[in-house]
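Below you'll find the structure, written out as structure tokens, and then a few comments.
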Amino acid sequence: MSRRVGIIGHPVGHSLSPAFQQAAFSHSGLDVVYERWETPLTSLPDRVASLRAPEVLGANVTVPHKEHVIPLLDEVGGLAARAGAVNTIVNREGRLFGFNTDGPGFIAALRNEAAFEPAGRSFLLLGAGGAARGIALALLEARATVDIWNRTPGRAVALARDLGAPARALADPPHLASYDCLVNCTTVGMEGGPDPRGLPCPLETAGPALLVVDIVYTPRETPLLRRAAARGLRTLGGLPMLIYQGALAFELWTGIPAPVDVMFRAAENELARREGAAP
Ligand code: ATR
């Protein structure tokens with residue numbers, strides 16, 4: 001009997017996870033089918049309950065349900081509870097365990113794809129939504145220092161207060177020279193987002209060693225990354241974070257190491273296929 005995993009969200013039609021997770025299962029010789037589980041909020045309790053079936057390994061959870069699934073689960077891991085968001089559910093003999101691999105996926109991407117160790121380094125996060133929260137928590141756990149700048153300053157203040165020291169909210173536009181790494185956690189620069197051609201912050205004050213990271217992965221090279229590269233700065237795009245959060249989820253479901261290279265290739269092929277198919 002095939003086992004099943006899927007992605008729960010609304011909408012899930014554009015998710016890349018089915019492409020690269022299915023490639024990982026097939027490559028690993030596992031008889032698992034990864035499905036898209038389109039789930040409006042009213043169906044969420046039934047959808048989550050269906051994960052207790054013996055043939056279901058678990059699920060990914062995406063927008064807008066990462067918070068809403070929490071009361072429907074049996075246990076929620078420390079980081080997911082602190083983030084207030086679950087992106088991975090594991091079914092262990094009918095009991096549902098919630099995890100958050102977004103922040104750890106970001107750290108793994110930094111270490112493995114940019115050879116950048118966050119411990120003791122200073123980060124500036126742009127944005128104060130759920131993405132910024134998950135990344136800030138993982139960075140603090142990795143013993144980095146974190147400052148937060150947001151268009152709406154009150155949200156940055158609230159997030160920093162919630163995270164506790166040593167996270168700080170900035171009141172004034174950031175001076176980049178004092179940071180080792182800048183991370184865009186806003187939707188600025190995202191295709192189909194509110195400001196696809198915009199920059200989340202100017203780069204004029206950046207020092208030569210600044211690493212510029214964008215968690216946006218459509219397009220692969222955002223306006224921020226293009227500007228950073230033109231200034232000779234090191235850059236990291238959003239695809240590695242997506243792949244590593246998925247790789248950690250794969251490992252939670254299966255207990256075996258994820259074939260990360262296979263997952264990268266499948267995601268890149270799928271993105272290229274979509275670009276080719278675009279009008
Ligand atoms: P997520 O949970 O994915 O992080 P979110 O909670 O909607 O999504 O947060 C999106 C982030 O992008 C916020 O920090 C938002 O800034 P505000 O808090 O001021 O809304 C930021 N953002 C979105 N559009 C923006 C824009 N045009 N300029 C600057 N920041 C923007």
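The values are calculated or read from the model by the stated rules, or taken from the named source; none is laboratory data. As the structure is a computational prediction, the values presented were derived from the model and not from experiment. When we count neighbours, we look across all protein chains shown, and the Cβ atoms used for this are built from the backbone with ideal geometry, even at glycine. Note: areas computed on protein heavy atoms with side chains; ligands, DNA, RNA excluded. Shrake-Rupley method; radii C 1.70, N 1.55, O 1.52, S 1.80 Å.
Counting only alpha carbon atoms, the long axis of helix 17-27 and the longest principal axis of the chain meet at about 60°. For region 103-237, what class follows from the C-alpha gyration tensor (a ≥ b ≥ c being the square roots of its eigenvalues): rounded when a/c is under 1.5, otherwise prolate if a/b is larger than b/c, else oblate? Verdict is rounded for region 103-237. Secondary structure note: in the chain, about 20% of the DSSP beta bridges are antiparallel. Restricting the trypsin sites (Lys or Arg not before Pro) of region 37-89 to loop positions (DSSP other than H, G, I, E, B) with no more than 15 neighbouring Cβ atoms within 10 Å leaves ARG52. Counting 0.36 nm for each residue step from GLU93 to HIS175 and taking away their Cα separation leaves a gain of 24.4 nm. Diffusion coefficient (Stokes-Einstein, Kirkwood radius over C-alpha pairs, 25 °C, 0.890 mPa s) for the chain: 127 µm²/s, rounded to a whole number. By accessible area, using a 1.4 Å probe on protein heavy atoms only, the chain has 53% of its surface on carbon and sulfur.
In a DSSP loop and with at most 15 other Cβ atoms within 10 Å, the trypsin sites (Lys or Arg not before Pro) in region 230-279 are ARG231.
Show me, for region 86-97, the HN-Hα J-couplings you get by feeding each phi into the Karplus relation (A = 6.51, B = -1.76, C = 1.60, θ = phi - 60°), rounded to Hz, glycine and proline as x. Taking θ as phi minus 60°, the curve returns 10, 10, 9, 10, 10, 8, 10, 6, x, 9, 9, 10 Hz for region 86-97. Just to be sure I understand: of the beta bridges DSSP finds with both ends in region 1-138, what percent are antiparallel, rounded to 5? Expressed as a percentage, antiparallel bridges in region 1-138 total about 35. How far is helix 260-277 tilted, in degrees, relative to the longest principal axis of the Cα atoms in the chain, given as a value from 0 to 90 rounded to the nearest 10? With both axes taken from Cα atoms, the answer is about 80 degrees.
Accessible area per residue for the chain is 45 Å², calculated with a 1.4 Å probe on protein heavy atoms, without ligands, DNA or RNA. With a Förster radius of 51 Å applied to the C-beta separation of GLU55 and ALA230, the computed FRET efficiency comes to 0.50.
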